[in-house]
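Comments concern the structure below.
The values are calculated or read from the model by the stated rules, or taken from the named source; none is laboratory data. Bear in mind that the values here come from a model prediction, so they are computed numbers and not experimental data. Cβ: placed from backbone, ideal geometry, glycine included. Neighbour counts: every protein chain shown.
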Protein chains: 2
Amino acid sequence: MPTELPSSEFDARLAAVRDRLAATDADAGVWFGATAIEYLAGFAHVQTERPVVLAVTSGTVALVVPRLERERAAAVPHVDRVETYFDYPDGRPVETAAGVLADLGVGSVAADADGAPGVMGYQGPSLSAFLDVDTQSWVDRMRWAKSDAEIALIRESATWANLGHRRLAEHTEPGAHPATVSQRASMEASQAMLDALGDRYVERVRGDGPVAAGYISGEETRLPHGHTPNERLERGDVVVTGATANVDGYRSELERTMFVGEPTDEQAHLFEVMLEAQTLAIEALGPGVALDYVDDAVDDYLAEQGVADLARHHVGHNIGLGAHEPPYIDAGWSDHCDGDHTDLAPDDATMEPGHVYTVEPGLYTDDAGYRHSDTVAVTDDGTERLTHYPRDLESNVVR
Amino acid sequence: MPTELPSSEFDARLAAVRDRLAATDADAGVWFGATAIEYLAGFAHVQTERPVVLAVTSGTVALVVPRLERERAAAVPHVDRVETYFDYPDGRPVETAAGVLADLGVGSVAADADGAPGVMGYQGPSLSAFLDVDTQSWVDRMRWAKSDAEIALIRESATWANLGHRRLAEHTEPGAHPATVSQRASMEASQAMLDALGDRYVERVRGDGPVAAGYISGEETRLPHGHTPNERLERGDVVVTGATANVDGYRSELERTMFVGEPTDEQAHLFEVMLEAQTLAIEALGPGVALDYVDDAVDDYLAEQGVADLARHHVGHNIGLGAHEPPYIDAGWSDHCDGDHTDLAPDDATMEPGHVYTVEPGLYTDDAGYRHSDTVAVTDDGTERLTHYPRDLESNVVR
């Protein structure tokens, strides 16, 4: 039951970016993105108007943080130096980072962006106002392939997502409110996870629990990103669920289409077509498989079934520290990689061991939506389905 | 009990950006940011790797969305034209937007950014690959001053946040788990809000309820952005809460420092110093007041009390559609506005009617943190405190 990333992971990640750095003319790698900083240095924070800057040279890992993060930053084992500014804007965060870089003898950097992201109203100088900046996306690319340790955390997340989903199903009945069912299931599964893991649980959430299980229902399911309506459940409602759990920052994705009471023949038919599309996509996954091949295979099947017009999105995405990560199972992925959009090699258009995909083809009518999502890891010789809640119709009818 | 922004607000906002557009050489204003698009056109969406683009010309409001948002986009009354791409990357979102702009006869734009934000792995061409792009931050600046209708929604949010906070206090007792207390309070207050508002409730959340109330406890309160620990509450614990409710996308912020059982003399003293600092800050707010004046006044008081070293952040921020918005109550705000960072006029360094501030000076020791936060609107002749949970010590001791 691994619930925390081992320290050696960070050593390997820092070594990998130092290798990339050595192949450039830059003196340091610099990151402003919260997820990249968490990935490289193990320092997790909420990205606000207060920039956080990570700098990695051949010899030093330095972190610039607002005063309110000093104690947490100082406790991170992989960081050699923590510099603090009081707050934004008076603390002049990017100027502070430029000062640290100068102090480290850095004249040019390869950065994930030329300055802090403009979130929550941040406006400030670009880093290139102070030194030479080239941009790189090393960490974004490194995150495509997960290590065994990362996949173990996603697998653990799937276990607690499964519990949350079971609680969702148990509390679903005509007259129940979908928001309350969602919140009750999240609370119960979170409490079980916290009590079961005990000291092994890694704190990651704030004023909430680690499991989030919930759903949209009724007509809102027509929209892939619909909202939870203020309407109590009725017999005949379709429900589209989502469940996940936060395990040291990593997550899984589990979604099911459920029926409140017996589905109509049309509902059951669309469910079965969706299920078959998902099955063939899961079976198509594997090392060396082209991403657009899987998306095209689903499209072909839906066209054959006469429901191509009910699709609203591609088949899936990667997942890990981020809720959606590249690469995507999309018809255009190979073109994308060959084209001008990125600096990726054409080889990147294929699935590789360590990729972790959601597989979630969906069908949407004027009345309801039908979508499962499972989280599937690509292995050296095949795949492993990490989410394990039953997918079949009978298991997803609440009577 | 206003729970939805009236349609006239969007007319006024679109008129305002058209006025700004008319003062430039550009043919259209363009936005990629989800909050700006929601603010101008009333189209709310989750920002993912799939870009959404809003274009406003003198005669047309056009929206480019992924296929999965088409139905929701088409239902927005303020949008004249909706163009869809299937998905990212194959649908070539920015190329699609460039095509719509060309079709509208647009040759140059004033945009909030030169392309879609790089969230969730999006990588794509910049807009300037297709036409002339100047950047503007019109909407960011317009959002500083809220209308009466916006403040009414924040006031309504504060009502339901207050209920969530009351439930937090009720469920707090030695032996209770802070995550479970948080989730139970959120569930109960959400259910009350949903049932009380009925048809007036505007769907805004997904697999969850509209009220979020929760806390961090024990040693985690030493960190302003601490996590909820996996430790049950004990007598002597300090708790720092947070409660809000989503009312048509708007939110309030209510935070309290609470004690599980009787506080020690030192705890009570630090609470009272924090409370006095907050009181003087709230009383200092008003139209025409310099933002740094309020931050400095708190700093002076904390220094006088000999606890200046226990401060970790500035006094507050604005709030509305965003959780943190400028301007900030920060010692450097006037310099910031005078300096090179922004194109803001020096007048912008003062509080104006319609600004909605959180007021939240905090003190942090090696053992615990002490912070209240209230949401306060600046009016034509003073202020209105929108959050109304009791602030005094006696009301915040759970016995």
A:V205 vs. criteria buried (at least 23 other Cβ atoms within 10 Å of the Cβ), modelled with pLDDT of 95 or more and farther than 23 Å from A:Y357 by Cα: no
query: Filter the range B:56-91 for residues that are within 13 Å of chain A (Cβ to nearest Cβ) and among the acidic types (D, E); which is nearest to the chain's Cα centre (by Cα)?
result: B:E69
statement: (1) without any contact (Cβ under 8 Å) to a residue 24 or more places away in the chain; (2) crowded, with 20+ Cβ neighbours inside 10 Å; (3) assigned to a loop (DSSP other than H, G, I, E, B) all hold for B:V65 apart from (3)
message: Among the residues of the range B:183-193, are any part of a helix (DSSP H, G or I), more than 18 Å from A:E188 (Cα to Cα), touching a Leu at 6+ places or on another chain (Cβ under 8 Å) and away from every other protein chain (no Cβ under 12 Å)?
response: no
query: Does the range A:194-219 hold any residues that are assigned to a loop (DSSP other than H, G, I, E, B) and facing chain B (nearest Cβ under 7 Å), and which are they?
result: A:Y201, A:E203, A:R204, A:V205, A:R206, A:G207, A:D208, A:G209
- prompt: On the given criteria, is B:D148 modelled with pLDDT of 95 or more, over 23 Å from B:S58 (Cα atoms) and surrounded by fewer than 16 Cβ atoms within 10 Å (Cβ to Cβ)?
  reply: yes
message: Being farther than 24 Å from A:T365 by Cα and not assigned by TED's automatic domain parsing to the domain that holds B:G249: is that true of B:D132 here?
response: yes
Only one of B:P93, B:P125, B:P77, B:P117 that is closer than 16 Å to B:W31 by Cβ and out of contact with any strand residue (DSSP E or B) (no Cβ under 8 Å at 6 or more places or on another chain): B:P117
message: Can you find a residue that is among the aromatic types (F, W, Y), assigned by TED's automatic domain parsing to the domain that holds B:T264 and either surrounded by fewer than 17 Cβ atoms within 10 Å (Cβ to Cβ) or modelled with pLDDT of 95 or more (or both) anywhere in the range B:329-341?
response: no
message: Given the criterion more than 27 Å from A:L153 (Cα to Cα), crowded, with 18+ Cβ neighbours inside 10 Å, more than 13 Å from chain B (Cβ to nearest Cβ) and at pLDDT 95 or above, identify the matching residue among A:V398, A:V356, A:V298.
response: A:V398
message: Looking at B:T279 and the list (1) in contact with a Lys or Arg (Cβ under 9 Å, 6 or more places away or on another chain); (2) within 30 Å of A:M193 (Cβ to Cβ); (3) surrounded by fewer than 18 Cβ atoms within 10 Å (Cβ to Cβ), which single condition is not satisfied?
response: (2)
- prompt: With respect to B:G115, is the statement that it is buried (at least 17 other Cβ atoms within 10 Å of the Cβ), within 12 Å of chain A (Cβ to nearest Cβ) and more than 24 Å from A:D292 (Cα to Cα) true?
  reply: yes
- line: Just one listed residue, out of A:A15, A:A44, is loosely packed, with under 15 Cβ neighbours inside 10 Å and more than 24 Å from A:P125 (Cβ to Cβ), and it is A:A15
query: In the range B:18-36, what count of residues is obtained for those that are in a helix (DSSP H, G or I) and surrounded by fewer than 22 Cβ atoms within 10 Å (Cβ to Cβ)?
result: 7
- prompt: What number goes with the only condition from (1) within 16 Å of B:E394 (Cα to Cα); (2) more than 26 Å from the chain's Cα centre (by Cα) that B:E276 does not pass?
  reply: (2)
task: Test A:D248 against the criterion of being out of contact with any strand residue (DSSP E or B) (no Cβ under 7 Å at 6 or more places or on another chain) and in the same structural domain as A:Q267 (by TED's automatic domain parsing), and give yes or no.
output: yes
- request: Tell me, yes or no, whether the range B:78-100 has at least one residue that is β-branched (V, I, T), buried (at least 22 other Cβ atoms within 10 Å of the Cβ) and within 24 Å of A:D335 (Cα to Cα).
  value: yes
